[in-house]
Each structure stands twice: as structure tokens, then as C-alpha cells.
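The values are calculated or read from the model by the stated rules, or taken from the named source; none is laboratory data. Note that this is a predicted model, so its numbers are computed, not measured. Virtual Cβ from ideal backbone geometry, glycine too; neighbours counted across all protein chains shown.
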Amino acid sequence: MNIFQTSAIAICVVAASMAAPVHAQQWQGAWNTTYGQLRLAQDGDHLFGDYRDGTIEGIVDRATGRARTIFRNPDGSTGYAEFKLVRDGSFSGAFDWENQPLPRHDAGPANRKWTGSRTATTVPPITRFKLPANRSAFINGAPAKYRQWINGFSMAIDAPAAAPTPTPAASASARNPLAAKIPKLADYPASFVPKTIEVQVDRLGYYVGGLGVFRPDSLWAADVYGTYGVYAYCETPAGTRQISPLAGQANRVFDRSRNQAVSVGGSGEHSNVAVDINQATRRFPFDTACINTPGGRIAIQLQTNLNERNAIEARDTKLGYRGFKFYLDQLPLLNTRTFVSSSSSQALNIWSHFTNPEISEIYTQATQNRRSIGVRGTIRFLP
């Protein structure tokens, strides 16, 4: 499944075909699936969690064990799927995209199947789903197509929540005066004042097919080496100065020699963790003086110099130095279009995380000879 495809997925999970009530935490735990690890928590009939780079949330039918959930990718694409538990601790399932007919776990083409087996019954770390989960907010905010899909589920449909009365404090300018200069701050709580910029870039991706190709394939794998780092700058009409990382950290995040190349891709994965998340995190001071300077902007730049290792060193694919720069005022708001900067040989994509509007996803892609290596991570503000 292409998690970057611009459509929508809702996942529907069906329990064992018995009329008995569903046991608590029937779906809770970790699952090894066709599309990577699936991590789920269950609270009554409310199911939520994440997988690879996306999130899952839905409702389990208490009477039959069926559960139908909405599956969302970080770029906002969604769709529908249905799973059914089988007795050996595994499930069968199928999915399809938002503009397609609703799927059935036992029907559909082979490339729409999604199966898995349980590897743990305890709740695994859920990092991409914004906690705490809110069952009523999920149902009331779900598309009509999904609400109709779960119509008839035992205790599934809630009454719509009353719309909150707008107040002057709800405006972006009342939330934070800096929102006028950095619109993304409008996605943060009313009392939020940014003090730190946090950038995490822990994943590498590999693709064959050229710029703009995001579809993973089990045959598309590579050993990648080289360097990449994160840099911040204050740019004003008077000039540019670098903003150093906090705690004396180096700007460089990834540094591997050819003999230390890391494997990327394969097994249906589009990207792999290349650096431990703690080592991949860089925090920079939010330079208010820079923002308040007329014409002042804070820039973030990912600098990469990555290579694909081949059996013969002379045949290595060397992408060379690349710089991917964007400004904090270009971070997209929730439900707005993705920010994209591209040329004939590289691209930078930024989009708001679908379930956590405070987080923006970053993806760079450098291409040469139809082979692409990308760095992926997130950026957010901290108080």
C-alpha cells in the first residue's frame, strides 16, 4: 500500500465470526502485518493506534467483533479497510481508498489484501497518534460515509456534540501575536508561546523510478552511506547568521562511512530508521528577536550528502551535496495544502500531521539516474 497516495483509508476490523460479545482489548497489542507493524490500543469499543507512518482509529462492534476504523496517512490521505480475526491469533483483511467501494475482508484483488499476526498483547509504544484518544470527537468528526458504515454497530453512534461558541480568544491573533508572522502557530493552544524549535530526522528512504516516486517495493532496497544534518538561520535584510543547536549539539545527525552503510527499504517498507530518535533530535532556540526584526525570517535547512553503495565502489550512486531550505512561516496549517519545493533533481515536501496539528512532517528527496534517497522527519515548536 502506498502511504503517500492522496486518498483516504478507513480500516474496518472484524472479529471472529461469533455472536458472543467482544472481549475487552480483543485487538489491543502489536501486530506484524503486510504493511509493517500495527500498534493498537482498545478502550471498550474504541480502537486507536498507529502503524509505520500513519494512524488508525475506529469502532468495534460489541456484538459481533467487527471493527471499522479510519486509517490516515501523515499527508492527509485516508481510505477504508476491513479486518477479521481468525482463531490462531492472526487476521485477514482488505482495504481500499476513499473514492472506491467499501471493502470486505474476504473480497477484493490481491493487491488490496492486508493480513497480520499478533506479536504482543500489551499496548506497544504509540508515537504518531495524538493521545488521549477521544471516542466522541472521532465519531462526530468522521465522514458521513464512515458513520453510515458503522450504523447498526452496538453502542457506536453518539449524538453530535454541540458546536462551541466562538470567542475572541479563539482567533489566531489572540492565541499568539506571532501567529501573524508564523501562521503554523494558529494550530497550537491558546496559551502557547514558542521557545524552542525541535527537528527530528531519523529515517531514510530509498526509491527506484525517479523524482516524485514514493511507492515502496520489496525489491527496492539499498545500502546508504554519507552524511546529513540540520541547520537553522536567522535571515534579515542586514544579513544571515546561524542559530546554533541547544545543549552544544552538532548540526550533523547522520555520518556513515562506506563500510558502515545502513540498509534502507525492502520488505514493502518505504523508509527505515537510520538514527536513534534521541540522536536524531536537534533543538534550536526560537529567536524572537529575529522574527520581530522587519523582514526577519527563521530558516531551517537539511543538508545531505548521501550515496548508494554497490558491489563495486566505482559504481556507487553518489548524489552529492544537497540543501533543502524552508522558512518557519511556510509550515502548512492543518487541512491546508502541502508545501512543496522541487527542481529537476530534488524535492522538499512538508505537510501537517493528520492527527497532531502541532507536528509538521518533512520529507526530502534527492534523485540521480532514477534512484532517489530521502530523509524524513518532523518539526514542531516547544514551550
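Residues that are surrounded by 23 or more Cβ atoms within 10 Å (Cβ to Cβ) and among the polar types (S, T, N, Q) are absent from the range 331-339. Would you mind stating whether residue 53 is surrounded by fewer than 16 Cβ atoms within 10 Å (Cβ to Cβ) and at pLDDT 50 or above? Here the answer is no, as residue 53 does not meet what is asked. Among the residues of the range 122-136, those that are loosely packed, with under 12 Cβ neighbours inside 10 Å and more than 18 Å from residue 31 (Cβ to Cβ) comprise 131, 132.
Output the residues belonging to the range 357-376 that are in a strand (DSSP E or B), polar (S, T, N, Q) and either modelled with pLDDT of 85 or more or farther than 25 Å from residue 328 by Cα (or both). Give the steps one after another, and end with the answer.
First, pick out the residues of the range 357-376 that are in a strand (DSSP E or B): 360-368, 371-376.
Now narrow it down to the ones that are polar (S, T, N, Q): 360, 364-365, 367-368, 372.
Across the range 357-376, the qualifying residues are 360, 364, 367, 368, 372.
Pairing residues of the range 201-212 that are over 20 Å from residue 303 (Cβ atoms) with residues that are modelled with pLDDT under 65 and of a type in the set (Val, Ile, Thr), at Cβ distances under 9 Å and at least 6 apart in sequence or on separate chains, gives 207/213.
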